[in-house]
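Note sheet for the following structure.
The values are calculated or read from the model by the stated rules, or taken from the named source; none is laboratory data. Owing to the predicted nature of the structure, the values given are computational and were not obtained by experimental measurement. Counting neighbours? That spans all protein chains shown, and the Cβs are built from the backbone with ideal geometry, glycine included.
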Amino acid sequence: MIGEYYCNYLLMTGYVCGRTCRQPEGCFEYWKAKLRISCKVCDKLTSSEPGLCRKHSGTYYVTQYFNRLRDKANADDLIWMKIDELLLELSADKTEEAGEQG
């Protein structure tokens, strides 16, 4: 049973580990390692979310940051619009109550 599988983990050097192991996921050293894919721009190995290496991922994270800021600003604008609507409703109710009493 020992040595039934070979570790297919791709090392930074570009070679495959190739150790014999008991698990199909890989040897004792690499079975928990993140899956690495090549960068979409330069083919350098990376495990980052956008699939880009450190050199090329800057624009992705800047775009994500600006999107978060824009979403927060839109949410804040919606909150202020709701507050204004509620204030208008309250003022309309008060004027109706004042008209009924007078």
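Key figures for this structure:
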{"read-out": "Total residues in the stretch 42-59, condition of a type in the set (Ser, Thr, Tyr) and exposed (fewer than 14 other Cβ atoms within 10 Å of the Cβ)", "value": "2"}
{"read-out": "Condition check for LEU52: more than 30 Å from ARG22 (Cβ to Cβ) and assigned to a loop (DSSP other than H, G, I, E, B)", "value": "yes"}
{"read-out": "Filter result for GLU25 (charged (D, E, K, R), in contact with a helix residue (DSSP H, G or I) (Cβ under 9 Å, 6 or more places away or on another chain) and not in a helix (DSSP H, G or I))", "value": "no"}
{"read-out": "Subset of the stretch 1-45 [of a type in the set (Gly, Ala, Ser) and closer than 24 Å to SER57 by Cα]", "value": "GLY14, ALA33, SER38"}
{"read-out": "Filter result (modelled with pLDDT of 85 or more and of a type in the set (Val, Ile, Thr)) within the stretch 16-45", "value": "VAL16, THR20, VAL41"}
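Quick grid of which residues meet (1) farther than 24 Å from PRO50 by Cβ; (2) modelled with pLDDT of 80 or more; (3) surrounded by fewer than 10 Cβ atoms within 10 Å (Cβ to Cβ); (4) within 31 Å of the chain's Cα centre (by Cα):
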residue	(1), (2), (3), (4)
TYR61	no, yes, no, yes
ASN67	no, yes, no, yes
LYS72	no, yes, no, yes
ASP77	yes, yes, no, yes
ASP84	yes, yes, no, no
LEU88	yes, yes, no, no
GLU100	yes, no, yes, no
